[in-house]
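Colleague: Before anything else, here's the structure in question.
The values are calculated or read from the model by the stated rules, or taken from the named source; none is laboratory data. All of these numbers come straight from a predicted model, not from anything done at the bench. Cβ coordinates were reconstructed from backbone atoms using ideal geometry, including for glycine residues, and neighbour counts include every protein chain displayed. Each accessible area value is taken on the protein alone, full model and side chains, heavy atoms only, with ligands, DNA and RNA left out. Shrake-Rupley method; radii C 1.70, N 1.55, O 1.52, S 1.80 Å.
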Amino acid sequence: DIKIQLKDITKMFATDEMETHALRGIDLSIRAGDYVSIAGPSGCGKSTLLAILGLLDTPTSGQYLIEGKDVAGMSLAQSASIRNEKIGFVFQAFNLIDELSVYDNIALPLRYRNKTLSQSEIDARVAKWLDKVEMGHRARHRPSQLSGGQQQRVAIARALVGEPAILLVDEPTGNLDSTNGDIVMEMLAQLNREGTTLCMVTHDQRYADMATTKLHLMDGKMVRTQAEPEIAYSQ
Ligand code: ADP
Ligand code: ADP
């Protein structure tokens, strides 16, 4: 059950002075239930790849299929609609709305997109995802009243409340101390064990290693690192 397929994706940025090949021939398949991490040094193309996966940018060439549907040649309106329906985003900055409660932040995508859901259906969905990120006791708080780790957990619930095909995660721990970073990463791993399909970009190798499929970008090219954990040297 393949959710996401990239075939020979390239991305070139051209300015008057120079051309940058940000991505060079990327092939990637993500199956339902996968946890993919993409690591690599600054400038290797991680953000560009995530923007293409999230339909925030278009490739220069290559094929992109979401659940078998070709999304590469779509109009902006079509790709916005696929993005809303199929893709959840979690960023380094939590991007929560402080005028709204935790509950209303999480409910917002449902109210905005699924106009057919009744209030009780919305309540049930929000309660489910509040519970999954262990924030049920903070539903009426404002984001600014929460710790950074708690805010990121709310952002994860908001990204998943519409039950997208894939969750794209960009440096989720960049604004967190290591304790909260570890809590958020453990929560993402738990959500993956419960079935969420995840693709995460990080430069933190320790977190990249928590994924089941570990990919490395180098100068716009994909290098697959070994899937099995390294066996410690012993005599
Ligand atoms: P990473 O996220 O791994 O740091 P990026 O995807 O941001 O890497 O960038 C990959 C390459 O593409 C870099 O050389 C960067 O300078 C270049 N690049 C990214 N975005 C643009 C843009 N909008 N215009 C020109 N060059 C860009
Ligand atoms: P936790 O106990 O979940 O690890 P913290 O220790 O960061 O979280 O915070 C304890 C509780 O105090 C949090 O659940 C949060 O709701 C509340 N809290 C934290 N910072 C503030 C604040 N600036 N204003 C109001 N409440 C806060």
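Colleague: Look through His137, His141 and report the one residue that is part of a helix (DSSP H, G or I), surrounded by fewer than 20 Cβ atoms within 10 Å (Cβ to Cβ) and out of contact with any Asp or Glu (no Cβ under 8 Å at 6 or more places or on another chain).
Modeller: Exactly one of His137, His141 is part of a helix (DSSP H, G or I), surrounded by fewer than 20 Cβ atoms within 10 Å (Cβ to Cβ) and out of contact with any Asp or Glu (no Cβ under 8 Å at 6 or more places or on another chain), namely His137.
Colleague: Among the residues of segment 16-51, how many are in a strand (DSSP E or B) and open to solvent by 80 Å² or more (accessible area, probe 1.4 Å)?
Modeller: Counting residues in segment 16-51 that are in a strand (DSSP E or B) and open to solvent by 80 Å² or more (accessible area, probe 1.4 Å) gives 5.
Colleague: So Ser120 passes all but one of these: (1) touching a residue at least 40 places away in the same chain (Cβ under 8 Å); (2) away from ligand 1 (no atom under 16 Å from the Cβ); (3) open to solvent by 10 Å² or more (accessible area, probe 1.4 Å); (4) of a type in the set (Gly, Ala, Ser). Which condition number does it fail?
Modeller: Of the numbered conditions (1) touching a residue at least 40 places away in the same chain (Cβ under 8 Å); (2) away from ligand 1 (no atom under 16 Å from the Cβ); (3) open to solvent by 10 Å² or more (accessible area, probe 1.4 Å); (4) of a type in the set (Gly, Ala, Ser), the odd one out for Ser120 is (1).
Colleague: Of all residues in segment 1-15 being closer than 30 Å to Glu194 by Cα and either in contact (Cβ under 8 Å) with a residue 40 or more places away in the chain or part of a strand (DSSP E or B) (or both), which is most open to solvent (accessible area, probe 1.4 Å)?
Modeller: If we take residues in segment 1-15 being closer than 30 Å to Glu194 by Cα and either in contact (Cβ under 8 Å) with a residue 40 or more places away in the chain or part of a strand (DSSP E or B) (or both), then Lys7 is most open to solvent (accessible area, probe 1.4 Å).
Colleague: Could you figure out which of (1) free of Cβ contacts under 8 Å to residues at least 24 places away in the same chain; (2) in a helix (DSSP H, G or I) isn't true of Met74?
Modeller: The one condition Met74 does not meet is (2).
Colleague: Give the residue that is least open to solvent (accessible area, probe 1.4 Å), with candidates limited to residues of segment 207-225 that are within 19 Å of Gly33 (Cα to Cα) and in a strand (DSSP E or B).
Modeller: Residue satisfying both the conditions and the ranking: Leu215.
Colleague: Is at least one residue of segment 15-32 within 16 Å of ligand 1 (Cβ to nearest atom), at pLDDT below 95 and of a type in the set (Gly, Ala, Ser)?
Modeller: no
Let's see how each residue does on (1) among the small types (Gly, Ala, Ser); (2) in contact with a Gly (Cβ under 8 Å, 6 or more places away or on another chain); (3) modelled with pLDDT of 95 or more; (4) closer than 13 Å to Thr197 by Cα:
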site: Asp131; (1), (2), (3), (4): no, no, yes, no
site: Glu134; (1), (2), (3), (4): no, no, yes, no
site: Gln145; (1), (2), (3), (4): no, no, yes, no
site: Gly148; (1), (2), (3), (4): yes, no, yes, no
site: Gln152; (1), (2), (3), (4): no, no, yes, no
site: Ala157; (1), (2), (3), (4): yes, no, yes, no
site: Leu168; (1), (2), (3), (4): no, yes, yes, yes
